[in-house]
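The values are calculated or read from the model by the stated rules, or taken from the named source; none is laboratory data. As the structure is a computational prediction, the values presented were derived from the model and not from experiment. Cβ sites come from the backbone with ideal geometry, for glycine too, and all protein chains shown count toward neighbours.
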Amino acid sequence: MEVLNFYIANYDEILYKTIEHILLVFFAVGFAIVVGVSLGIYITQHKKLADYVLYVTSIIITIPSIALFGLMIPILSLINQGIGYLPAIIAVFLYSLLPIVRNTYTAILNIDPALKEAALGMGMKKSEILFKIEIPLSIPIIMAGVRYATVLNIGVMAIAAYIGAGGLGTFISAGITQSNETQLIVGAISVSILAIIADYILLFIQNMMTSKGLK
Amino acid sequence: MIRLNNLCKEFTTKDKTITAADNVNMHIKEGEICVLLGPSGCGKTTTLKMINKIIEPTSGEIFINNENVTSLENVKLRKKIGYVIQQIGLFPNMTIKENIAVVPKLLKWSKSEIDKRAIELMKMVSLDEGYLEMYPKELSGGQQQRVGVARALAANPPVMLMDEPFGAIDPINREIIQDEFLKIQKKIKKTIVMVSHDIDEAIKMADKIAIFNDGVLQQFDTPDNILAHPANTFVEDFVGKDRTLKRLNLFTAKDAVNSKTDIFNENDNIENAIKCMREKQLKSVFVLNDKREPTGRLMLKELNMKENIKGVCKNHSLELKSMILLSENLKNISSKMYLHTKSSFACVDDKGQYIGEISQDSISRFLNLAYEEAKVGYEDE
Amino acid sequence: MNRYLSFLFFSLSLFIVFFALLEYTSMGEYEEDILYLLNEHIVMVVTSCSFAIVFGISFGVILSRPILNKQAENIMQLFNMSVTIPTLAILALSMSFLGIGFLPAVVGLFIATLLPIIKNTFVGINAVSPSIIEAAQGMGMNSFQILIKVEIPNALYVIFAGIKTAVAINIGTAPLVFLIGGGGLGELIFSGIDLDIMPMLLAGAITTGMTAIFADKLVYILSTIFISRGVSPTED
């Protein structure tokens, strides 16, 4: 098939773009994990802020990706980074916030208060409770949020090709402009497969990180 | 009213066949509560669910009101039977009123009929009308269970099937609801088949108990007969080693009182009284006043130890620590015997007048008399 | 009452901001285009969403029927995989089969929107407590009555969550259909990027963003109307 031939003929470029794609998503989501989990934990202590934070992040994720890119370009043009990977990473970062923050927040709030009481009764400090009990118990749910954010953003990053970010989306955009159906299909299939594989790998990691007692 | 003929249910999985119900034969009379009792997996729930075909029988026949319903269309059959399940099963998406109205609506009752019936039912199960517009999740477990019962009664079916209906409620509320249900049943007199694994609940609620084990019906009889005459070792073990004490719950002082006792009047001569007691070998005799109210008792043992007794009975009678009303439950009376360290009490009616003596002896005699009567057996047409 | 008022207030402010932007900023230059494309955009979204909801719920119900019980797990796996496929890819594939224009755009949007709805309908109905269904059977309801009166109403919370997700995906993907000849507000955004004209870009981006937020709130309000108070997990 033509598609298969394309893969074989251009495997180096495809590989390069795949790695580019993965790295872009990886950094954006990784950064979002650090910020998002911390923010999620923080707002469990400050309930009033929680509603506001969740509201804002949920509105962000409602905005279509290309529109968000569109909004970033003028701002980042000021530092000459309007086009390229930076707006893409920032947009993906913002998109990842809601799933991660909300899942962290919900997971920690849903921990049985009896467990915290038992821990306090045993003489644990608040920070110890946080790191030894609350976070480990929340990991499955947090990972589910990370998984959702990652899969979503692999798709978003494909669109980012249109603002010069690179990645597998370039095959799709080139395929459309050049009316090259093969390239188009290669791009579409590659991104889909990447998303599916990423989902499975993260599911595997999620299960690994869930302590046996919780399953 | 309900007749089960050779009802069987077999489940086949891969290579094994499990007989959940083995040739069950029963006849439940109209207006009676029949409790299907037994340990887990004994076939009681299977049997119950075959009556309204939630579980299809493998073989056998079911007759309701002399009509063979075995081949009747399921949907048609079930509209005539009220069904209460253990998990209550109120529809979360409907208000209490809508829940109750489900079957009447299916039967195309008019709106005004339904409204009237809903209010009637709420009164019957002692719930405030205000709950009608609320949703199940806004009610407590006990309240939900009552609504479950009301819902089953909505279309006034002649038959009700109940699968551990009170199991999901806490013990305190459970007792209250059981009592209320018995009061309701006195008025509506439905034919009820109920599943339970609790022997005490069965004894309290049932007119007849059907005990199952391993799919086989072990005994079908009144609660007292099952307690007095367990048909085999399984039933004996199941009802418990304290089964005779359990029987005490079923009767009152009225059943066991001995009204043919000797009595003395307060103003009778004491020396004559003692003479009478010695002649008849009476250990204790009650003393009554002119209004036939018991005021004390004479104990021969105590009198024998005194010398020079003169006067009337009133002067020498011992104070009565407690008296028993006719309506008092035998178990409570036995409890009082231990409390006051007495084996006999005076029994009075609600006007305070002496009826007779209730004693450990008279109770025993009564229980054994029931034993004798029961030997005649129950009818099974 | 509270919710409806805040929704009305919110929508009103959104409209006011939008028209203010048109009046007072350089966005106004493109007013004609914006309104025309917005109309096109809305038509596409509403068409594809309506079909997706109707087909999605129907398929979801069919898949949840006992006959298909054994395949249920496999079906779920298939759905979990398909919702991960990036929407741009779906549009691209739609184009390779159907060419360019309005039809492939709507079909692509339809398919992208369909999957979360089928999945959630399937999951939601299967999650209805078996004891409620047994109670309904015991009362003499037939399968159809049970589906309509018991299963679907109690699954509505999950179904609407699916619809909300699906509509969000739909609106998020709609700007992209410009790339396959489908028109809509994407034209302003992509042209603005290519030609490096900021006002055009912003006109498209802001309008798209506002439409998305409005649609999201709209679906939420609709869900509170349809879902019985007894079923939704949150208090009023």
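Go over the candidates C:A105, C:A161 one by one and state the one that is in a helix (DSSP H, G or I) and either modelled with pLDDT of 90 or more or within 21 Å of C:E40 (Cα to Cα) (or both).
Sole residue among the options that is in a helix (DSSP H, G or I) and either modelled with pLDDT of 90 or more or within 21 Å of C:E40 (Cα to Cα) (or both): C:A105.
If I ask for residues that are surrounded by fewer than 22 Cβ atoms within 10 Å (Cβ to Cβ) and more than 19 Å from B:T19 (Cβ to Cβ), which ones from the stretch B:209-218 would you list?
Once the filter is applied, which keeps residues that are surrounded by fewer than 22 Cβ atoms within 10 Å (Cβ to Cβ) and more than 19 Å from B:T19 (Cβ to Cβ), the stretch B:209-218 yields nothing.
Within the stretch C:121-135, identify whether any single residue is in contact with a strand residue (DSSP E or B) (Cβ under 9 Å, 6 or more places away or on another chain) and among the hydrophobic types (A, V, I, L, M, F, W, C), and answer yes or no.
Yes, the stretch C:121-135 contains a residue that is in contact with a strand residue (DSSP E or B) (Cβ under 9 Å, 6 or more places away or on another chain) and among the hydrophobic types (A, V, I, L, M, F, W, C).
Could you list, in sequence order, the residues of the stretch C:149-166 that are more than 15 Å from C:N126 (Cα to Cα) and crowded, with 24+ Cβ neighbours inside 10 Å?
C:I163, C:A166
State which residue is surrounded by the most Cβ atoms within 10 Å (Cβ to Cβ) when the search covers only the stretch B:233-262 and only residues that are within 21 Å of B:N213 (Cβ to Cβ) and of a type in the set (F, W, Y).
B:F238
Restricting attention to the stretch C:82-116, report how many residues are over 15 Å from C:G184 (Cα atoms), within 12 Å of chain A (Cβ to nearest Cβ) and among the β-branched types (V, I, T).
5
Considering the stretch A:148-171 alone, what residues qualify as being within 14 Å of A:L194 (Cα to Cα) and at the interface with chain C (Cβ under 7 Å from one of its Cβ atoms)?
If the condition is that a residue be within 14 Å of A:L194 (Cα to Cα) and at the interface with chain C (Cβ under 7 Å from one of its Cβ atoms), then A:V151, A:I154, A:G155, A:A158, A:G169 are the ones that fit.
Which of the residues that make up the stretch C:125-136 are touching a Gly at 6+ places or on another chain (Cβ under 9 Å) and without any contact (Cβ under 8 Å) to a residue 60 or more places away in the chain?
C:S129, C:S131, C:I132, C:I133, C:E134, C:A135, C:A136, listed by residue number.
Anything in the stretch C:21-41 that is at pLDDT below 85 and more than 18 Å from C:M198 (Cβ to Cβ)? List them, or say none.
C:E23, C:E32
Looking at the stretch B:75-85, which of the residues that are within 8 Å of chain C (Cβ to nearest Cβ) and not basic (K, R) is surrounded by the fewest Cβ atoms within 10 Å (Cβ to Cβ)?
B:V75
Return the only residue of B:I54, B:I62, B:I88 being crowded, with 21+ Cβ neighbours inside 10 Å and at pLDDT below 90.
Residue meeting the stated conditions: B:I88.
Which helices (runs of 4 or more DSSP H) does the stretch B:93-168 wholly contain that include 1 or more residues that are within 13 Å of chain C (Cβ to nearest Cβ) and surrounded by fewer than 18 Cβ atoms within 10 Å (Cβ to Cβ)?
Of the helices (runs of 4 or more DSSP H) lying wholly inside the stretch B:93-168, those with at least 1 residues that are within 13 Å of chain C (Cβ to nearest Cβ) and surrounded by fewer than 18 Cβ atoms within 10 Å (Cβ to Cβ) span B:96-106.
Scan the stretch C:58-81 residue by residue and report those that are surrounded by 15 or more Cβ atoms within 10 Å (Cβ to Cβ), away from chain A (no Cβ under 14 Å) and at pLDDT 80 or above.
Across the stretch C:58-81, the qualifying residues are C:F59, C:G60, C:V61, C:L63, C:S64.
Can you tell me which of (1) in contact (Cβ under 8 Å) with a residue 24 or more places away in the chain; (2) away from chain B (no Cβ under 14 Å) is the one C:S228 doesn't meet?
Every listed condition holds for C:S228 apart from (2).
Looking only at residues in the stretch B:323-367 that are touching a Lys or Arg at 6+ places or on another chain (Cβ under 6 Å) and assigned to a loop (DSSP other than H, G, I, E, B), which one is farthest from B:E293 (Cα to Cα)?
Taking the candidates together, the pick is B:L326.
Among the candidates A:A198, A:A174, single out the residue that is surrounded by 14 or more Cβ atoms within 10 Å (Cβ to Cβ) and facing chain C (nearest Cβ under 10 Å).
None of the other options fit; the residue is A:A198.
Let me spell it out: the conditions are (1) buried (at least 20 other Cβ atoms within 10 Å of the Cβ); (2) more than 7 Å from every other protein chain (Cβ to nearest Cβ); (3) in contact with a Phe, Trp or Tyr (Cβ under 9 Å, 6 or more places away or on another chain); (4) closer than 30 Å to B:N52 by Cβ, and C:I206 meets all of them except one. Which number is the exception?
(4)
So C:G192 ticks every box in (1) at the interface with chain A (Cβ under 9 Å from one of its Cβ atoms); (2) of a type outside the set (K, R); (3) surrounded by 24 or more Cβ atoms within 10 Å (Cβ to Cβ) but one. Which box is left unticked?
(3)
Looking at the stretch C:136-143, can you tell me whether even one residue there is touching a strand residue (DSSP E or B) at 6+ places or on another chain (Cβ under 7 Å) and crowded, with 19+ Cβ neighbours inside 10 Å?
Scanning the stretch C:136-143, I find at least one residue that is touching a strand residue (DSSP E or B) at 6+ places or on another chain (Cβ under 7 Å) and crowded, with 19+ Cβ neighbours inside 10 Å, so the answer is yes.
Just to verify a result, which residue in the stretch C:177-236, among those that are of a type in the set (S, T, N, Q) and outside any helix (DSSP H, G or I), is nearest to B:Y135 (Cα to Cα)?
By that ranking, first place goes to C:S228.
The rows are residues; the columns are (1) within 36 Å of the chain's Cα centre (by Cα); (2) in a strand (DSSP E or B); (3) of a type in the set (D, E); (4) at pLDDT 85 or above.
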position: B:K260; (1), (2), (3), (4): yes, no, no, yes
position: B:N272; (1), (2), (3), (4): no, no, no, yes
position: B:K275; (1), (2), (3), (4): no, no, no, yes
position: B:R278; (1), (2), (3), (4): no, no, no, yes
position: B:L282; (1), (2), (3), (4): no, no, no, yes
position: B:V287; (1), (2), (3), (4): no, yes, no, yes
position: B:L298; (1), (2), (3), (4): no, yes, no, yes
position: B:K301; (1), (2), (3), (4): no, no, no, yes
position: B:N308; (1), (2), (3), (4): no, no, no, no
